[in-house]
Structure formats: C-alpha cells, structure tokens
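A short worksheet on the structure shown next.
The values are calculated or read from the model by the stated rules, or taken from the named source; none is laboratory data. Quick caveat, the model's predicted, so the values are computed rather than measured. When we count neighbours, we look across all protein chains shown, and the Cβ atoms used for this are built from the backbone with ideal geometry, even at glycine. Just so you know, the surface numbers come from the protein's heavy atoms only, side chains and all, with ligands and any DNA or RNA stripped out. Shrake-Rupley method; radii C 1.70, N 1.55, O 1.52, S 1.80 Å.
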Amino acid sequence: MSTPSRITYSIRNITTGFLGQAIQTILGFVSRTIFIKCLATEYLGVSGLFTNILSILSLAELGVGSAIAYALYKPLADRDEYKVSALMNFYSKAYRIIGISVAIVGLSILPFIKYIINDAPNIEENIYLIYFLYLFNTVITYFFSYKNTIIVGDQKQYISLTINYIIYCLQTIVQIIILLSTKNFLLYLIIQSIFVVIYNVSISIKADKMYPYLKKNKGAKLDNGTKKELGVNIKSLMIIKLSGVLVNNTDNIIISKFLGLSIVGLCSNYNLLISIINSILAQIFGSSITASVGNVNAKESNEKKEEIFNVINFMNFWAFGFSAICITLLSNDVIKLWIGEKFVLPISIPLILAINFYMVGMQNAVWTYKGTMGLFKQGRFLLLVTGSINIVLSIVLGKYIGLFGILVATAISRALTNTWYDPFVIYKYGLKKSPVSYFIRYIKFVIIIGVILVINGFLCSLVKGNILTVVIMKTIICTLVSNIIIIAIFYKTNEFKYILNIVKRIIGNFKSKFVTNK
C-alpha cells in the first residue's frame with residue numbers, strides 16, 4: 001500500500017480545515033450576535049481579559065510542546081515506533097506537571113483580579129467564579145490534548161480537525177439555546193467546560209486507536225542524547241514563549257487597566273473578525289503544512305527547502321496582504337451592519353490592527369521553517385527585548401494616545417526586532433545563504449500592498465447607499481482590484497507557477513474522483 005505524499009496530506013488537512021472553518025465561522029457569528037444581544041458589553045471584556053491572563057499562565061508550558069513536535073518529525077517519518085513512544089511518554093509526564101502548576105498559579109491569582117480590572121464590570125455573576133471556569137478549561141487540556149501532537153505531526157491533522165469541528169458545532173448550538181432561554185453567562189461557560197472535556201478525551205481515545213504502540217511501549221524511555229537535545233530546545237523555546245506572551249497577550253490587560261472593560265469588549269469584536277480570518281488562513285499556513293515542511297527539512301536539500309520557503313512566503317504575502325486591505329476598509333462597515341454603529345471604533349483602530357495582522361502573517365513561513373529546522377536558540381533573547389519594548393511602549397503610548405497607542409506599540413516592537421532577525425536566522429543557519437533577497441522581496445511586498453490599499457481606499461470612498469449595499473460593493477472592489485493587481489504583477493514568477501500547478505492538481509484529483517464515481 002503506497003503512502004500518500006506530503007502534498008496529498010496537506011491538501012486533506014487544508015480541505016478539511018476549510019470546510020469545518022466555514023461552518024465554525026457561521027456558527028461563531030450567530031453565537032457572538034446572540035451573545036451581544038443577550039449580555040452586556042462587559043462580558044466580552046471579561047472574556048478577553050481572562051483569556052489573556054490564562055495565556056500568560058501558559059508560560060508554564062515552557063515550550064515543551066513545540067520541542068516535542070519538532071522531535072517527532074524524524075521518528076514519525078522513519079516509523080520509529082519506540083522513539084515516538086518514548087517522546088510521547090515524556091510529553092505526558094511533563095504536561096501533567098505543567099497542568100498542576102498552571103492550576104496552582106491560576107488559583108493564586110484570584111485575590112488580585114479586582115486590581116487588574118479598572119472599572120466595576122456591569123455583570124451579575126461572581127467574577128471569581130467566572131475566572132475559575134476559564135482556568136478549568138485551560139488546565140484540563142494539559143492532561144489530554146498533548147496526544148493531538150502525534151496526529152498533527154504525522155500529517156493527519158484532518159482527523160483531529162474533524163473531531164474538533166463536530167464538537168464545536170454541538171457546543172455552540174447548546175450555548176445558543178442556553179443564552180436565548182436563560183441569558184445566564186455561568187451556564188454558558190459551564191457548557192463550554194463540558195465540551196472542552198469531551199473534545200480532549202475524544203482526541204486522546206482517537207490517538208490511542210491510531211497508534212496502539214503507544215500503550216504497548218508505556219515503559220519506553222528517551223536516550224540521554226535526545227534528553228539533552230530536548231533540554232536545550234526547551235530552554236530556548238521558554239524564552240521565545242515568554243516574549244510571545246509579552247507581545248501578544250498583554251494588550252487586553254493594559255487596555256482594561258487604562259481604558260476599562262468596555263473598550264476591551266469593543267476591541268474584541270474587531271479581534272473576532274480578525275481571528276476568523278486567521279482561523280481560515282491557518283488551515284493553509286498553520287499545522288496543516290507544518291508537518292509536511294518538517295518532512296521537507298528532514299529529508300531535502302537546501303535548494304528544495306528554499307524553493308518551498310519562497311512559495312509559502314509568497315502565499316503569505318498574497319493571503320495576508322489581501323486580508324489586511326479588507327480589514328482596514330471593511331471592518332467598520334461590517335461591525336455597523338452586524339451589531340450597530342455604537343460598536344464602531346475610529347478608522348485608525350482597524351488600520352493598526354491590519355498592520356499587526358499583516359506583520360504576524362508575513363512571519364508564518366519564517367516561524368514554520370525556524371520550528372521545523374530546530375533553530376530555537378537563535379534570537380531567543382532578542383525576543384525578550386521585543387516583549388519588553390511592547391510592555392513599556394504600550395503603557396506610555398496607552399496613557400497619552402489611548403487604544404491606538406497600545407496597539408501601535410505592538411507593531412513598533414515587532415518591526416524593531418523579530419520582523420528582520422528571524423528571517424536572518426533562517427537564511428544564515430538554515431538555508432546557508434544571504435538573506436538580502438528576502439528583505440528586498442519583503443520591501444517590495446509592502447510597497448505593493450500600500451499601493452493597492454490606496455487604490456482600493458479611493459474606489460471604496462465613492463461607494464454610497466445603505467450599509468448592506470456598501471459592504472457588498474466594497475467587498476467586490478477589494479476582492480477584484482487586489483487580486484487582479486497581484487496576479488498581473490506575479491503571474492510569471494516561479495512561486496505563482498508552483499501554486500497554479502498545485503491548484504491544477506487539486507482540480508484534477510476532484511475531476512478524476514467524480515468521473516470514477518460516475
């Protein structure tokens with residue numbers, strides 16, 4: 001029996017991700033709309049604030065998951081069952097300890113919750129009980145979900161995605177019923193906790209069935225060399241994780257402290273729109289292809305690695321650049337159409353959110369290669385500088401400029417550090433080449449996106465009518481103009497031709513299956 005190729009696995013993962021994400025997006029919008037109609041804006045703020053706090057607590061994970069995921073690529077490719085089992089046994093023990101640690105630290109934060117929130121939230125439920133439920137949902141994942149890593153690492157993420165989407169749909173439907181019938185936020189959270197447990201247990205059971213040798217090799221232990229390598233990688237990833245939290249998961253805490261929970265809630269609506277786009281794009285650029293890239297980096301030449309890197313980087317530019325333009329020009333209109341004008345923020349907010357979105361998106365290929373090449377220690381301390389700059393600037397600019405200042409601080413901290421250093425690491429230590437070509441392309445991409453944004457902005461300013469008409473017309477303009485210009489500029493490049501061949505292959509597979517079935 002032949003083994004499916006890397007592209008076949010990636011296509012399966014991406015297709016499953018897109019189909020499931022479409023359903024999840026629709027249900028997510030319906031759920032958020034009902035949430036806003038049934039509960040006060042402060043509930044959104046509480047949700048965003050506690051999510052950020054618990055993301056900081058996830059520092060206890062110390063990069064163990066990423067280190068194990070990297071370590072699994074080669075033994076999975078080589079079908080080394082004992083080595084895979086030994087890694088998963090280590091993973092299991094580590095995550096149990098981490099889960100208990102997060103629970104203890106999380107509970108110790110309870111007395112300080114009132115000092116983090118600037119204004120008294122307009123909610124009936126006990127704020128400490130709400131926090132406890134969020135903490136429970138975080139802690140329980142450490143005892144089960146680590147087994148998802150072996151499924152994803154084996155290029156079979158479509159399996160875990162299917163389980164995730166089925167359970168998410170059931171959870172959302174039940175939560176909608178609870179909100180409409182009771183308007184009780186605690187019951188809403190309790191339902192979420194129940195389904196979090198169901199998902200994690202389901203993934204654990206599925207992994208045991210797919211990889212029965214895990215139970216057979218319960219006593220498998222890592223050799224000293226692997227332990228030493230893991231230790232080095234975990235130390236490096238710990239720094240990376242800390243800096244990531246300081247950059248990505250502190251904004252809501254600072255906004256809550258300086259501007260109040262209501263602003264956190266308003267901003268969270270924009271973040272929801274962006275997270276939906278991120279979730280869709282993650283089906284292409286996330287773990288759906290990470291395992292395949294890991295396989296490339298474990299087996300192929302530097303020339304082949306660079307070829308695939310350039311393709312993924314170009315895809316990042318196209319997808320995230322186009323999306324950033326839409327976020328800038330459409331967010332306010334979508335918010336107005338969706339939940340009303342009182343939830344709209346100044347145009348400067350979606351603009352800076354789009355800039356941050358694009359900057360992170362353009363790092364996807366870099367971070368995927370850095371992780372799958374095992375380049376964890378390079379630049380780890382520089383990332384602490386990123387986090388420190390972000391915290392200091394967020395506090396200073398937030399005090400004098402407000403929400404825009406807090407968000408622009410994140411962009412500045414990224415631009416000064418990892419936006420240029422991480423690609424340098426990939427080229428110098430991974431591809432063994434000069435990174436000059438990458439930076440030239442990056443600047444070229446930024447200029448092109450800027451020009452397209454100006455053209456679209458002018459055309460969109462001419463659109464008049466009711467809000468639904470405005471949203472439809474602006475969407476059509478942004479979609480057609482952006483993609484026509486990008487195709488016109490890049491259709492002769494090797495990267496575009498590579499992507500076109502993959503699209504043709506996907507269409508050919510669908511056609512052949514259709515003809516066979518007929």
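Regarding the stretch 401-412, can at least one residue be identified that is open to solvent by less than 10 Å² (accessible area, probe 1.4 Å), touching a Phe, Trp or Tyr at 6+ places or on another chain (Cβ under 8 Å) and under 20 Å from Val311 (Cα atoms)?
No, because not a single residue in the stretch 401-412 is open to solvent by less than 10 Å² (accessible area, probe 1.4 Å), touching a Phe, Trp or Tyr at 6+ places or on another chain (Cβ under 8 Å) and under 20 Å from Val311 (Cα atoms).
What's the number of the condition Ala415 fails, among (1) under 30 Å from Val481 (Cβ atoms); (2) of a type outside the set (Val, Ile, Thr); (3) open to solvent by 20 Å² or more (accessible area, probe 1.4 Å); (4) over 22 Å from the mean Cα position of the chain (by Cα)?
(4)
Which of the residues spanning the stretch 168-182 are closer than 16 Å to Tyr199 by Cα and open to solvent by 20 Å² or more (accessible area, probe 1.4 Å)?
Keep residues of the stretch 168-182 that are closer than 16 Å to Tyr199 by Cα, which gives 168-175.
Tyr168, Cys169, Leu170, Gln171, Ile173, Val174, listed by residue number.
Quick test for you: out of Ser108, Ser92, Ser85, pick the one residue that is under 25 Å from Glu229 (Cα atoms), modelled with pLDDT of 85 or more and not hydrophobic (A, V, I, L, M, F, W, C). Give the derivation first.
Working: Ser108 fails: under 25 Å from Glu229 (Cα atoms); Ser92 fails: modelled with pLDDT of 85 or more.
The unique qualifying residue is Ser85.
Please go through (1) under 15 Å from Tyr421 (Cβ atoms); (2) at pLDDT 85 or above; (3) surrounded by fewer than 19 Cβ atoms within 10 Å (Cβ to Cβ) for Val366 and return the number of the only condition it doesn't satisfy.
(3)
In the stretch 451-469, what count of residues is obtained for those that are part of a helix (DSSP H, G or I) and either more than 22 Å from Asn316 (Cβ to Cβ) or of a type in the set (Phe, Trp, Tyr) (or both)? Full working, then the answer.
To start, the set of residues in the stretch 451-469 that are part of a helix (DSSP H, G or I) comprises 451-461, 467-469.
Next, from what is left, pick out any that are either more than 22 Å from Asn316 (Cβ to Cβ) or of a type in the set (Phe, Trp, Tyr) (or both): 457-461, 467-469.
Number satisfying all stated conditions: 8.
Let's see how each residue does on (1) more than 29 Å from Ile308 (Cα to Cα); (2) in contact with a Gly (Cβ under 9 Å, 6 or more places away or on another chain):
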| site | (1), (2) |
| --- | --- |
| Ser394 | yes, yes |
| Trp420 | no, no |
| Ile426 | no, no |
| Tyr429 | no, no |
| Ile440 | no, no |
| Val471 | yes, no |
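Specify the residue that is farthest from Gly374 (Cα to Cα); the eligible residues are those in the stretch 430-445 that are in contact (Cβ under 8 Å) with a residue 40 or more places away in the chain and surrounded by 15 or more Cβ atoms within 10 Å (Cβ to Cβ).
Restricting attention to the stretch 430-445, the residues satisfying the condition of being in contact (Cβ under 8 Å) with a residue 40 or more places away in the chain are 430-433, 438, 441-442, 445.
Next, only the ones that are surrounded by 15 or more Cβ atoms within 10 Å (Cβ to Cβ) stay: 430-431, 438, 441-442, 445.
Values: Gly430: 9, Leu431: 13, Tyr438: 20, Arg441: 25, Tyr442: 24, Phe445: 27 Å.
Across the stretch 430-445, the extreme among qualifying residues is Phe445.
Which residues, taken from the stretch 373-394, are part of a helix (DSSP H, G or I), open to solvent by 10 Å² or more (accessible area, probe 1.4 Å) and in contact (Cβ under 8 Å) with a residue 24 or more places away in the chain? Step through it out loud before you land on a result.
First, the residues of the stretch 373-394 that are part of a helix (DSSP H, G or I): 380-394.
With open to solvent by 10 Å² or more (accessible area, probe 1.4 Å) added as a condition, the list becomes 380-385, 388-389, 391-393.
Once the filter is applied, which keeps residues that are part of a helix (DSSP H, G or I), open to solvent by 10 Å² or more (accessible area, probe 1.4 Å) and in contact (Cβ under 8 Å) with a residue 24 or more places away in the chain, the stretch 373-394 yields Arg380, Phe381, Leu382, Leu383, Leu384, Val385, Ser388, Ile389, Ile391.
If only one of Ile472, Ile448 is among the hydrophobic types (A, V, I, L, M, F, W, C), out of contact with any Phe, Trp or Tyr (no Cβ under 7 Å at 6 or more places or on another chain), part of a helix (DSSP H, G or I) and open to solvent by 60 Å² or more (accessible area, probe 1.4 Å), which one is it? Explain how you work it out, then say what you get.
Values: Ile448 fails: open to solvent by 60 Å² or more (accessible area, probe 1.4 Å).
Result of the check over Ile472, Ile448: Ile472.
List every residue pair whose Cβ atoms sit under 9 Å apart, with the two residues 6 or more apart in sequence or on different chains, where the first one lies in the stretch 171-192 and is within 16 Å of Tyr134 (Cβ to Cβ) and the second, anywhere, is in a loop (DSSP other than H, G, I, E, B) and hydrophobic (A, V, I, L, M, F, W, C).
Hits for this filter: Phe185/Leu39; Phe185/Ile123; Tyr188/Leu39.
Can you name every residue in the stretch 135-161 that is among the polar types (S, T, N, Q) and farther than 16 Å from Lys209 by Cα? Break it down stepwise before answering.
If we filter the stretch 135-161 for residues that are among the polar types (S, T, N, Q), which is where we start, we get 137-138, 141, 145, 148-149, 155, 157, 160.
Across the stretch 135-161, the qualifying residues are Asn137, Thr138, Thr141, Gln155.
Please pick out the residue among Ile191, Ile150, Ile177, Ile163 that is part of a helix (DSSP H, G or I) and farther than 20 Å from Gly28 by Cβ.
Numbers: Ile191 fails: farther than 20 Å from Gly28 by Cβ; Ile177 fails: farther than 20 Å from Gly28 by Cβ; Ile163 fails: farther than 20 Å from Gly28 by Cβ.
So the residue among Ile191, Ile150, Ile177, Ile163 that is part of a helix (DSSP H, G or I) and farther than 20 Å from Gly28 by Cβ is Ile150.
May I ask you to say which residue of Asn332, Asn310 is without any contact (Cβ under 8 Å) to a residue 24 or more places away in the chain, in a helix (DSSP H, G or I) and surrounded by fewer than 22 Cβ atoms within 10 Å (Cβ to Cβ)? Reasoning before the result, please.
Working: Asn310 fails: without any contact (Cβ under 8 Å) to a residue 24 or more places away in the chain.
None of the others qualify; the one that does is Asn332.
Mind checking which residues of the stretch 496-508 are modelled with pLDDT under 90 and open to solvent by less than 70 Å² (accessible area, probe 1.4 Å)?
Tyr498, Ile499, Ile502, Val503, Ile506, Gly508
Tally time: how many residues in the stretch 452-469 are in contact (Cβ under 8 Å) with a residue 24 or more places away in the chain and surrounded by fewer than 17 Cβ atoms within 10 Å (Cβ to Cβ)?
4
Per-residue answers, yes or no, for (1) among the acidic types (Asp, Glu); (2) crowded, with 16+ Cβ neighbours inside 10 Å:
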{"residue": "Leu133", "(1), (2)": "no, yes"}
{"residue": "Tyr165", "(1), (2)": "no, yes"}
{"residue": "Ile198", "(1), (2)": "no, no"}
{"residue": "Ala207", "(1), (2)": "no, yes"}
{"residue": "Lys216", "(1), (2)": "no, no"}
{"residue": "Asp223", "(1), (2)": "yes, no"}
{"residue": "Thr226", "(1), (2)": "no, yes"}
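When both residues are 6+ apart or on different chains and their Cβ atoms are under 8 Å apart, which pairs have a first residue that lies in the stretch 76-93 and is in contact (Cβ under 8 Å) with a residue 24 or more places away in the chain and more than 14 Å from Asp223 (Cα to Cα), and a second that is of a type in the set (Val, Ile, Thr) and surrounded by 17 or more Cβ atoms within 10 Å (Cβ to Cβ)?
Leu76/Val84; Leu76/Ile150; Tyr91/Val64; Tyr91/Ile68; Tyr91/Thr149
Look through the stretch 143-163, keep the residues that are on the phi < 0 side of the Ramachandran plot and among the polar types (S, T, N, Q), and return whichever of them is surrounded by the fewest Cβ atoms within 10 Å (Cβ to Cβ). Talk me through it step by step, then tell me what you get.
Initially, the stretch 143-163 is screened for residues on the phi < 0 side of the Ramachandran plot, giving 143-154, 156-163.
Narrowing further to those that are among the polar types (S, T, N, Q): 145, 148-149, 157, 160, 162.
Numbers: Ser145: 19, Asn148: 24, Thr149: 22, Gln157: 27, Ser160: 24, Thr162: 15.
Filtering the stretch 143-163 for residues that are on the phi < 0 side of the Ramachandran plot and among the polar types (S, T, N, Q), the one surrounded by the fewest Cβ atoms within 10 Å (Cβ to Cβ) comes out as Thr162.
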